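So the structure is just underneath, and the comments pick up after that.
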Amino acid sequence: MATDEKPLEDMKVDELRDVAREEGVKAPSSKNKGELVDAISDSTDEDTTSDTASDEGDLGAGPDGGEVRTGDKDVKNLKYSQNITSTDEDPERQGRSLVTTHHEVIREWAEARGGSPATVPNSEYDGRPGRLRIRFQDSTGQLVDISWEDWFRTFDERRLNFIYQEDHTDGRPSTFFQLVNPDTDGQGA
């Protein structure tokens, strides 16, 4: 861990935020320096006493702890969506629009519907996946399968939010999802 090389108290806020993201600290961008130092310290203490997410195949929360990423653009569909930050949370009602950055929530949602990570062919650049998609069994069109690791690395690098729906208002499972970047006009996948 980077903190072995330099004491937390001597780090700049940007350095602390990077360490916090690596440690899986929830909402590092909203914390000040003191809060970041405390949260990182608490996180490293917990790491020595609890099971890690990877021990059970859980992808974990990701760098933002499942919290919605915000930016320069006011994306209307983010404003009206229920934020889901844990696999234990449920929608307030059927048909509710949901949003998350939580890796395990996204993977569980996709796999429960027969979905797998994919990208659009010939959209890659610099050796990275291009336009992110989820391939469902009934998907039309050509997609290229990729790993969840590559999908989430790209998802996080692009600061995307995952807007989705668990069920339609009539209770049928929904495969609706949208990837939104809060720093652009909304689309960013």
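None of the figures in this text is laboratory data; all of them are computed from the coordinates on show. Since we're looking at a predicted model, the values are computed, not measured. Because the Cβ atoms are built from the backbone with ideal geometry, glycine has one as well, and the counts that use them run over all protein chains shown.
A few points about this structure:
- Inter-label distance for Asp126 and Val144, nm, one decimal - labels placed 7 Å from Cα along Cα-to-Cβ: 1.7
- Residues whose placed amide H lies under 5 Å from that of Asp167, excluding near-sequence neighbours: Gly95, Arg96, Ser174
- Approximating the spin labels as points 7 Å out from Cα along Cα→Cβ, the Asp88-to-Arg172 distance works out to 3.3 nm.
- Surrounding net charge for Ser147, when Lys and Arg each add one and Asp and Glu each subtract one, Cβ distance under 12 Å: -1
- Amide proton proximity set for Gln82, modelled H, under 5 Å, gap of 5+: Ser97, Leu98, Val99
- Sum of side-chain charges, Lys33 neighbourhood, beta-carbon under 12 Å (Lys, Arg +1; Asp, Glu -1): -3
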